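K.L.:
Quick one: this structure, given as structure tokens, is what I'll be asking you about.
The values are calculated or read from the model by the stated rules, or taken from the named source; none is laboratory data. Treat the numbers as computed from the prediction; the structure is a model and nothing was measured. Neighbour counts are summed over all protein chains in view; Cβ atoms, including those assigned to glycine, are modelled from backbone coordinates with ideal geometry.
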Amino acid sequence: MTAFARAAVQLRGVGDVLVADIDNPPVNALSHAVRAGLIAALDRLEADETLSGLVIAARGRLFSAGADINEFNADIEPPFLGDVIERLETATKPVIAAIHGSALGGGLELAIACHGRIAADDAVFGLPEVKLGILPGAGGIVRLPRLVGIEQAVAMIAEGRRIDASEALTAGLIDRIATGDLIGEATEMVSAAVRSALPRTSERPFPLFDAAQQDATRKALAGRYRGQDAPQKAVDLLAMAARTPVAEALRLEQAACKALLSTDQSRALRHLFTAERDATRVAGVDRETAARPIDRVGIVGAGTMGRGIAVACLDAGLPVVLVGRSEASIEAARQAISKIYGSAVKRGRLSETAVEERLARLETTPVLDRLCEADLVIETIAEDPDAKRAVISAIDLIVPERTILVTNTSFLDIESLAQATERPGHFAGMHFFNPANVMKLVENVRTKRAAPDVLVTLMAFAKRLGKTAVMVGPSEGFVVNRMLSKRTREALFLLQEGATPRQIDRVLTDFGFPVGPLALADMAGLDVLAATRAARLAAMSERERGADIVERLVAAGRLGRKNGAGYYTYGDSRTPQPDPAVDTLLAAHRAERGIAARTVTDDEVRERCLFAIINEGAKLLEENAVARPGDIDVLWTKGLGFPAHLGGPMHYAETIGLSHVHSALSRYAGIVGDEYFKPARLIEQGAAGDGRFS
Ligand code: 3H9
């Protein structure tokens, strides 16, 4: 049988109205075939005298996600989107956009150049180009402010804000919300349109955007999007559009969009767009593998992690059975969960009714047998391998064969825990971060024998909890903690050598992290970090053990932000204040160890902190503990504050050049020690080869 390719734009007549349906799955991107199809539709509209007008609509779940991102890496073939849009705005017969799902980027630019817009009530509108490091390049900057005013246009263009149908109607972005049949009502709009007075968006007046407004907008955006160029450029272009004739402004807008496409920031953000989508797929597992339904979750262990995970599940609409050791422990858990919800109500985040509805889905019990109906059980007791094995075996005996059993651990050997169950195919790990109901990151941990659909289910489950998940392989500390520990190590070594907490934090916040590692340590609690160090002591080198700065701070009663003093002191404002007492403590530490303080340059601070994590990331890739460099980038940008416009540590390393990273690592190996900075094999290969982690 011959398979016929479907046209990317399909034409049909509804009475005397031509309807052009964009049909380019999965998201109706405005690829070359769509642009050509729209030109053909306009040709037909103009040529056929019996046609009164055109409705542009779409098949599938959304109107259009905008320009085809896959075309960005090569020269884009004509017809260009801007030209298609210009043709439809200047058509001599009415063109109406009928929008369902989302109209994003070029999809919205197309719609706003039409002579009228009608939308389904669940439609969403946005210009997310800025999130790709670019800006609208097909009239969005020139036309949108003319419809919605400057404030809304700034929010949508410079910040990528999306709005729903009712806000779009109020703002003047659309003319109507459909009450029933979207296409039928759109064709009625065509018939009602007056031929001679077709409203052209670009002929409307551009709203006032004076110098004072521009300055204030620039400042606000600089604070919110530190280091990002596109939001600033958006203000320049809006200012340009306010004072430039339309044709010229459209040309300048298109040229600016094209120029932004070739910037490092746009490459980095586009890399993350793809990496985030790739990360949702489990390497080595067929894309078509379906996730199993999870309708009921069991959690064993009612401590901090168990409670947090329970709240995350309840928030996602799931019924939860939370099993604690005793009546007292489950009562404490209930109270803690009520407290979490109580403060959500106080802050206006949840209504009383929403909380009641959630709590009604929570069962707390000391009886393990209550897990008998769970589709997924998460064991989350303390990190003691023997105790964990015992609990896993006990759960194994109770739950049905289909149930997926998960251990929540941050560093234990997952393969050895897997041996405690009779269902190795249905066993895997999840590493939630504390507090689990707040932190958006999850490392799903695969075992050798875990079934492919079980792994896929865990990815879907994490997504349902609103988390960004990455599948990692067994390795001590998995990816996040293992990499973070290298940055922590370097921060401690740098303090020993003469750097100050404020220098280290300043260098890394200047780089783009929202908080420096030492202010972050104060937030986590230095007593907590000292306990983590104590647990890892055996695995540490002598120098690492000796860098007992955290222990000294704790001994001096400095536990971090919680008691107002750690690496910094905290007054009423939560701003960290440098404290001479810490400088004295560091000086004493150096003197005791016979280390002479030296001037450490900012470059050295930055490179040692960053290159230590990049080197560890490369080792994790070598060990197959993580499948793709992009997975690491997703973890760091989504959960650890690495600036997204630099693309994540691995992309950043490729951008500045693996040969540069390699030579710096070799230099620091000489200064700090081979065991800390010997370049990973992948970096060595990349430096000698194509400059990429391959
Ligand atoms: C633009 O318009 C520039 C113009 O101003 C100027 C031009 C001159 N193109 O996210 P999902 C793929 S720039 C190509 O998993 P969801 C995506 O990669 C564009 N492909 O689904 C994935 O493929 P795969 C401005 C695209 O339901 C699949 O579709 N527009 C595009 O969670 C499913 O995506 C944007 O920035 C695209 N534009 O979310 C919109 N978009 O399965 C960005 C998606 O192979 N897109 N794909 O990995 C989104 O926000 C979400 O994808 C969307 C769907 C909300 C549409």
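K.L.:
Give the residue, chosen from L110, L169, that is within 14 Å of the ligand (Cβ to nearest atom), aliphatic (A, V, I, L, M) and assigned by TED's automatic domain parsing to the domain that holds E248.
P.N.:
Result of the check over L110, L169: L110.
K.L.:
Moving to a separate point now. Please tell me if A230 is outside the structural domain of V456 (by TED's automatic domain parsing), under 22 Å from F72 (Cα atoms) and among the aliphatic types (A, V, I, L, M).
P.N.:
Taking the combined requirement at face value, the residue satisfies it.
K.L.:
Residue under question is R267, and the condition is that it be in contact with a Lys or Arg (Cβ under 8 Å, 6 or more places away or on another chain), of a type outside the set (G, A, S) and either modelled with pLDDT of 95 or more or part of a helix (DSSP H, G or I) (or both); does it hold?
P.N.:
The answer is no for R267.
K.L.:
Out of everything in the range 556-572 that is among the small types (G, A, S) and in contact (Cβ under 8 Å) with a residue 12 or more places away in the chain, what residue ends up being farthest from A530 (Cα to Cα)?
P.N.:
Within the range 556-572, the first condition is being among the small types (G, A, S), and the residues that meet it are 556-557, 560, 564-566, 571.
Remaining after also requiring in contact (Cβ under 8 Å) with a residue 12 or more places away in the chain: 556, 560, 565-566.
Details: A556: 13, G560: 11, A565: 15, G566: 12 Å.
Result: A565.
K.L.:
Regarding the range 358-367, can at least one residue be identified that is touching a residue at least 60 places away in the same chain (Cβ under 8 Å), in contact with a strand residue (DSSP E or B) (Cβ under 6 Å, 6 or more places away or on another chain) and not polar (S, T, N, Q)?
P.N.:
Let us first name the residues in the range 358-367 that are touching a residue at least 60 places away in the same chain (Cβ under 8 Å), namely 364.
After this cut, where a residue has to be in contact with a strand residue (DSSP E or B) (Cβ under 6 Å, 6 or more places away or on another chain) as well, the list is 364.
Next, only the ones that are not polar (S, T, N, Q) stay: none.
Within the range 358-367, not a single residue is touching a residue at least 60 places away in the same chain (Cβ under 8 Å), in contact with a strand residue (DSSP E or B) (Cβ under 6 Å, 6 or more places away or on another chain) and not polar (S, T, N, Q).
K.L.:
Further question: State the number of residues belonging to the range 1-27 that are within 20 Å of T187 (Cβ to Cβ) and either of a type outside the set (S, T, N, Q) or buried (at least 17 other Cβ atoms within 10 Å of the Cβ) (or both).
P.N.:
Counting residues in the range 1-27 that are within 20 Å of T187 (Cβ to Cβ) and either of a type outside the set (S, T, N, Q) or buried (at least 17 other Cβ atoms within 10 Å of the Cβ) (or both) gives 14.
K.L.:
Does G101 satisfy the criteria of being under 28 Å from V148 (Cα atoms), in contact with a helix residue (DSSP H, G or I) (Cβ under 9 Å, 6 or more places away or on another chain) and either at pLDDT 95 or above or away from the ligand (no atom under 12 Å from the Cβ) (or both)?
P.N.:
Here the answer is no, as G101 does not meet what is asked.
K.L.:
Name the residue that is nearest to the ligand (Cβ to nearest atom), counting only residues in the range 278-300 that are closer than 14 Å to R402 by Cα and surrounded by fewer than 22 Cβ atoms within 10 Å (Cβ to Cβ).
P.N.:
A291
K.L.:
Search the range 152-168 for residues that are closer than 13 Å to V130 by Cα and pair each with any residue that is among the small types (G, A, S) and in a helix (DSSP H, G or I) when their beta-carbon atoms are under 8 Å apart and the residues are at least 6 apart or on different chains.
P.N.:
V154/A234; I157/G140; I157/A234; A158/A230; A158/A234; R161/A155
K.L.:
So, one more: Name the residues in the range 54-90 that are more than 14 Å from N28 (Cα to Cα), in contact (Cβ under 8 Å) with a residue 60 or more places away in the chain and either within 10 Å of the ligand (Cβ to nearest atom) or surrounded by fewer than 24 Cβ atoms within 10 Å (Cβ to Cβ) (or both), would you?
P.N.:
Within the range 54-90, F72, F80, G82, E86, E89, T90 meet the criteria.
K.L.:
Keeping to the range 129-153, report how many residues are crowded, with 21+ Cβ neighbours inside 10 Å, within 16 Å of the ligand (Cβ to nearest atom) and part of a helix (DSSP H, G or I).
P.N.:
10
Residues are listed down the side, and each one gets a yes or a no for (1) β-branched (V, I, T); (2) in contact with an Asp or Glu (Cβ under 9 Å, 6 or more places away or on another chain):
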{"residue": "K339", "(1), (2)": "no, no"}
{"residue": "G348", "(1), (2)": "no, no"}
{"residue": "R370", "(1), (2)": "no, yes"}
{"residue": "T380", "(1), (2)": "yes, no"}
{"residue": "S393", "(1), (2)": "no, yes"}
